[in-house]
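Chemist: Supplied in structure tokens, the structure appears directly below.
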Amino acid sequence: MRWPTEEELARLRQELVEELRQKGITSPRVLAAIGKIPRHLFVLPEHLPWAYDDRPLPIGFGQTISQPYIVALSTEALALSPADKVLEVGTGSGYQTAVLAELAKEVFTVERIPELSWEAQERLRRLGYENVRFRVGDGTKGWPEEAPFPAILVTAAAPRVPKSLLEQLAEDGRLVIPVGGRFQQDLWLVRKRGGKPVYEHLCPVSFVPLIGEEGWR
Ligand code: SAM
């Protein structure tokens, strides 16, 4: 296989942005971030030909880089402002982390598989992101020292919304999380109003499981 040129990759990236726009993503900031971030550097070399397809791809350790449409939809639902700090649970390849880092002031990201976190750290360092803090561990417990967060994104599927994450969500904050069974779930936007969660359904999804004390055991 011939390695695609930078021009070809840039064209494929712009075609992906157009596809996401047609699928209903409207936020110019989210679309600009996706148009900027080189997703081909976040996938395994053997998956390079599909790096700009709107689909998840394996990243090793039984995990996946999420589908770009779901990354865009989740990020749009967080309605980030440049002053926000965000908690992400499930760093994976670091692609979604990079999207958040483009739109927010600071990103705190937790991954339970050390090797994935180390690879993501190296990738984001090389790409010049300086507003991301990484932690290896169980993200279902959040990042209590940095709470409250105006935005929290969970990129693995939980049986229910972890109590710790709800507690660490700021008043009027937004939490996006897939909740459901092992293989099929629904993506929810949870807003904290008067200390209570208010749920808005986004779409059906299929994520890898959130494994931890307040996730799947
Ligand atoms: N957003 C990522 C990306 O763009 O590559 C994809 C994330 S992948 C769908 C879900 C990730 O959540 C996996 O890397 C998995 O190891 C991680 N994970 C699962 N349970 C976790 C937990 N309790 N704490 C932190 N990470 C967890």
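What follows is calculated from the coordinates using simple rules that are stated; it is not laboratory data. Remember, it's a predicted structure, so these values are computed and weren't measured experimentally. Neighbour counts are summed over all protein chains in view; Cβ atoms, including those assigned to glycine, are modelled from backbone coordinates with ideal geometry.
Chemist: Given the pairs 23/192; 36/105; 23/196; 85/141; 36/85; 163/196, which span a C-alpha to C-alpha distance of over 23 angstrom in this model? Provide the component values of the computation, followed by the final result.
Modeler: Details: 23/192 28 Å; 36/105 17 Å; 23/196 32 Å; 85/141 17 Å; 36/85 21 Å; 163/196 12 Å.
Exceeds cut-off: 23/192; 23/196.
Chemist: Using a cut-off of 12 Å between beta-carbons, work out the net charge of the residues near residue 194 (Lys and Arg +1, Asp and Glu -1, residue 194 not included). It would help to have the intermediate numbers written out before the result.
Modeler: Working: positive: 191, 192, 193, 196; negative: 171, 172.
Surrounding charge for residue 194 is +2.
Chemist: At what distance in angstrom do the alpha carbon centres of region 10-79 and region 193-208 lie from each other?
Modeler: 22 Å
Chemist: Shifting gears a bit: Roughly speaking, what % of Cα-Cα pairs in region 71-200 are separated by over 17 Å, rounded to a whole number? List each step's numbers first, then the result.
Modeler: Working: 4491 of 8385 pairs.
Beyond 17 Å sits 54 percent of the P(r) for region 71-200.
Chemist: If you restrict to DSSP beta bridges whose two residues both lie in the chain, what percentage is antiparallel, to the nearest 5?
Modeler: Numbers: 19 of 40 bridges.
Here the antiparallel bridges make up roughly 50 percent for the chain.
Chemist: Dipole of region 66-205, Cα-centred, from +1 at each Lys and Arg C-beta and -1 at each Asp and Glu C-beta, to the nearest 20 debye?
Modeler: 300 debye
Chemist: Right, another one. Would you list 160, 2, 133 from fewest to most Cβ contacts within 10 Å?
Modeler: Values: 160 10, 2 5, 133 13.
Listing 160, 2, 133 from fewest to most nearby Cβ atoms yields 2, 160, 133.
Chemist: Of all the Cα-Cα pairs you can form in region 1-117, what percent are over 18 Å apart?
Modeler: Working: 3382 of 6786 pairs.
Cα-Cα pairs in region 1-117 separated by more than 18 Å: 50 percent.
Chemist: Moving on. Please state the relative contact order of region 66-205 as a whole percent: Cα pairs under 8 Å, 6+ residues apart?
Modeler: On the way: 300 pairs, mean separation 28.2, N = 140.
20 percent.
Chemist: To continue, here is another question. Given the options 22, 187, 199, identify the residue whose Cα lies farthest towards the positive end of the charge dipole of the chain (+1 on Cβ of Lys, Arg; -1 on Cβ of Asp, Glu).
Modeler: 199
Chemist: How would 140, 5 line up from fewest to most surrounding beta-carbon atoms within 10 angstrom? Display every interim value, and only then the final one.
Modeler: Numbers: 140 22, 5 9.
Going from sparsest to densest Cβ surroundings: 5, 140.
Chemist: How would region 7-49 be classified by its alpha-carbon gyration tensor: rounded, prolate or oblate, with rounded meaning a/c under 1.5 and the a/b versus b/c comparison settling the rest?
Modeler: Numbers: a/c = 2.11, a/b = 1.97, b/c = 1.07.
Prolate.
Chemist: Something else now. Output needed: percent of Cα pairs per 5 Å distance bin for the chain, bins running from 0 to the one holding the longest distance.
Modeler: 1, 7, 16, 20, 23, 17, 10, 4, 2, 0, 0, 0
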